[in-house]
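Undergrad: Sending over a structure as structure tokens; questions will come in a sec.
The values are calculated or read from the model by the stated rules, or taken from the named source; none is laboratory data. Bear in mind the structure is a predicted one, so any value in this text is a computation, not a measurement. Cβ placement follows ideal geometry from the backbone for every residue including glycine, while neighbour counts extend to all protein chains displayed.
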Amino acid sequence: MNAAGIVTEFGRYESGQLQIARRGHCFKKGGGFSTFGQKNWKRREFLLSNWTLCYVDTETGATKGTIDLRKATDLADAHDDAECMKPFSFKFTAEGRTFYIQPNGPTGDQGERTAWKAAIQDIIDMKDEFGAV
């Protein structure tokens with residue numbers, strides 16, 4: 001963080017502005033079940049800022065969820081996970097749930113996975129450093 005930034009209990013602000021650490025499209029494994037009993041993958045726009053990861057419906061623009069990353073743990077690759085099996089995907093646990101995310105598209109992208117994981121890990125590390133919970 002540079003000298004102009006400050007850290008508050010709500011996250012990273014600079015000159016009174018919300019700091020967006022990362023933004024882009026990813027696929028997220030749904031929390032519910034389809035008619036056939038399987039969880040589906042939906043394309044969402046993700047916004048990582050301060051302590052939160054927000055995801056938005058790409059068609060309607062409606063916010064579908066917000067994850068408090070101050071409670072995130074166990075960030076790891078997920079492509080070999082039996083619950084996921086998507087190339088270049090990753091997972092983390094927060095708010096009593098494991099989230100599975102695949103950057104960019106059905107085939108994934110290694111560079112994007114690395115960038116998203118690094119940005120989320122920065123927040124987890126900052127939480128650990130500053131004791132935010």
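Undergrad: Looking at segment 80-93, is at least one residue among the small types (Gly, Ala, Ser), within 24 Å of residue 111 (Cβ to Cβ) and at pLDDT 90 or above?
TA: Of segment 80-93, the ones among the small types (Gly, Ala, Ser) are 82, 89.
Among the residues that remain, those that are also within 24 Å of residue 111 (Cβ to Cβ) are: 89.
Going one step further and asking which of them are at pLDDT 90 or above, we end up with 89.
Within segment 80-93, one or more residues are among the small types (Gly, Ala, Ser), within 24 Å of residue 111 (Cβ to Cβ) and at pLDDT 90 or above.
Undergrad: What tally of residues in segment 47-68 results from selecting those that are touching a residue at least 12 places away in the same chain (Cβ under 8 Å) and more than 12 Å from residue 95 (Cβ to Cβ)?
TA: Restricting attention to segment 47-68, the residues satisfying the condition of being touching a residue at least 12 places away in the same chain (Cβ under 8 Å) are 47-58, 64, 66-68.
Those left that are additionally more than 12 Å from residue 95 (Cβ to Cβ): 47-51, 54-58, 64.
So the answer is 11.
Undergrad: Now, a different point. Sort out which residues of segment 28-65 are out of contact with any Asp or Glu (no Cβ under 9 Å at 6 or more places or on another chain), of a type in the set (Phe, Trp, Tyr) and at pLDDT 85 or above, and write them in order of number.
TA: Answer for segment 28-65, where residues must be out of contact with any Asp or Glu (no Cβ under 9 Å at 6 or more places or on another chain), of a type in the set (Phe, Trp, Tyr) and at pLDDT 85 or above: 41, 46.
Undergrad: Also: Free of Cβ contacts under 8 Å to residues at least 40 places away in the same chain and within 12 Å of the chain's Cα centre (by Cα): is that true of residue 94 in this structure? First the steps, then the outcome.
TA: Working: free of Cβ contacts under 8 Å to residues at least 40 places away in the same chain: yes; within 12 Å of the chain's Cα centre (by Cα): yes.
Taking the combined requirement at face value, the residue satisfies it.
Undergrad: A further question on this structure: Of 11, 16, which residue is buried (at least 17 other Cβ atoms within 10 Å of the Cβ), at pLDDT below 65 and not charged (D, E, K, R)? First the steps, then the outcome.
TA: On the way: 16 fails: buried (at least 17 other Cβ atoms within 10 Å of the Cβ).
Answer to the check: 11.
Yes/no matrix, rows are residues, columns are (1) farther than 19 Å from residue 30 by Cβ; (2) in contact with a Gly (Cβ under 6 Å, 6 or more places away or on another chain); (3) at pLDDT 90 or above:
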{"residue": "100", "(1), (2), (3)": "no, no, yes"}
{"residue": "107", "(1), (2), (3)": "yes, no, no"}
{"residue": "113", "(1), (2), (3)": "yes, no, yes"}
{"residue": "120", "(1), (2), (3)": "yes, no, yes"}
